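Below you'll find the structure, written out as structure tokens, and then a few comments.
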Amino acid sequence: MMKKTAILIAAFALVCGMLGAQEKVRNPKDKTQYNSVFDLLRGEPGVTVSPTNGAGDMPQIVIRGIGTNSDQTQPLFVVDGIITDNITYLLPEDIYSVEVLKDGTSAIYGVQGQNGVIMFKTKSARQAELDAAEARKAEKQAAREARRAAKKRK
């Protein structure tokens, strides 16, 4: 029975992963053709962005329709791993990638993600990830060399 349950859970996770959102990475060499982050979101499949009333206002963004637990339609915004309510400060040229989570894949955020999740990764966060990976690689190499030197001394 436990084996069957584990297989079903693994199959569900695999299907959710295959049907889940695809991270849309922007080519850093491309010049941005968007005036705002909301223009960028208008190009995402399944995302509806209503026009704003004025400059600096958050438009109505709908991914999955009206939530069942509230009248909220606004998705959850995650910028570089941090949940935020307002993304008007983001500039399209600073964005490295956009990922839209809908359906079951947004369940990892619980009730907060009931209307979908829009995840942004900025270019500075991407560079920090690359720098951290390079530092880890250098640390591993130094540890390897230290072990080799210790073996030679014995």
_Yes or no: the range 42-51 includes at least one residue that is farther than 24 Å from THR122 by Cβ, in a loop (DSSP other than H, G, I, E, B) and at pLDDT 60 or above._
yes
*ASN69 more than 15 Å from ARG42 (Cα to Cα), modelled with pLDDT under 90 and surrounded by 12 or more Cβ atoms within 10 Å (Cβ to Cβ)*: no
*Determine which single condition THR105 fails, assuming it passes every other condition in (1) under 11 Å from the mean Cα position of the chain (by Cα); (2) touching a residue at least 60 places away in the same chain (Cβ under 8 Å); (3) under 17 Å from PRO45 (Cβ atoms).*
(1)
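The values are calculated or read from the model by the stated rules, or taken from the named source; none is laboratory data. None of the values given here were measured: they were computed from a predicted structure. Here Cβ is always computed from backbone atoms with ideal geometry, including for glycine, and neighbour counts include all displayed protein chains.
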